[in-house]
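One structure below.
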Amino acid sequence: MNILEVAKKYEQYIIDMRRHFHMNPEPSMQEFETSKRVQEELDKMGVEYVVCGNGIGVLATIRGAKPGKTILLRADMDALTVNEEGDLPFKSTKEGVMHACGHDAHTALLLGAAQILKDVKDE
């Protein structure tokens, strides 16, 4: 299986997720809806996970069909307490909070990685 072809299947999904998280930012230690959405997406994928830490963290596990090394991918989900001055269609909907640090992309990219790894887990 060509990993690039698999990844291309999820390009729009990753874009959509990033825009969703960008529009719905939550400050550090308050990422309740973000965590809930990540869990919902993992449920749709059939990926097992546990909620950890302060009830916001999510630890997902994808087991391959063959023995091998374990890898860990990590993403931050929090936003900053600053005003978004741009006027993008997916601008923050929360006054005084925005993803100015890229954590919206981190979260979306890891959901995309979960999709890809699930698709190739037998290899």
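A few notes on this one:
- Top of Leu59, Leu110, Leu88 by mean-square fluctuation, Gaussian network on the chain, Cα under 10 Å: Leu88
- Rounded to the nearest 10 degrees, the angle from helix 103-119 to the longest Cα principal axis of the chain is 20 degrees.
- Amide hydrogen neighbours beyond the local backbone of Ala79, cut-off 5 Å, H modeled: Glu26, Ser28
- Å² per residue, accessible surface of the chain at 1.4 Å: 64
- Note on Ile71 and Gln12: the model spin-label points, each 7 Å out from Cα along the C-beta direction, lie 2.6 nm apart.
- Annotated for the chain: lysine pairs at least 8 residues apart or interchain, Cα distance under 29 Å, count 29.
- Taking Asn83, Asn24, Asn54 as the candidate residues, the one with maximal mean-square fluctuation in a Gaussian network model of the chain, Cα springs under 10 Å, is Asn54.
- Gly57 long-range amide H proximity, modeled H, under 5 Å: Cys52
- Percent carbon-and-sulfur accessible area, the chain, ignoring ligands, DNA and RNA, probe 1.4 Å: 53
The values are calculated or read from the model by the stated rules, or taken from the named source; none is laboratory data. Source: prediction; values computed, not measured. Cβ: placed from backbone, ideal geometry, glycine included. Neighbour counts: every protein chain shown. Each accessible area value is taken on the protein alone, full model and side chains, heavy atoms only, with ligands, DNA and RNA left out. Shrake-Rupley method; radii C 1.70, N 1.55, O 1.52, S 1.80 Å.
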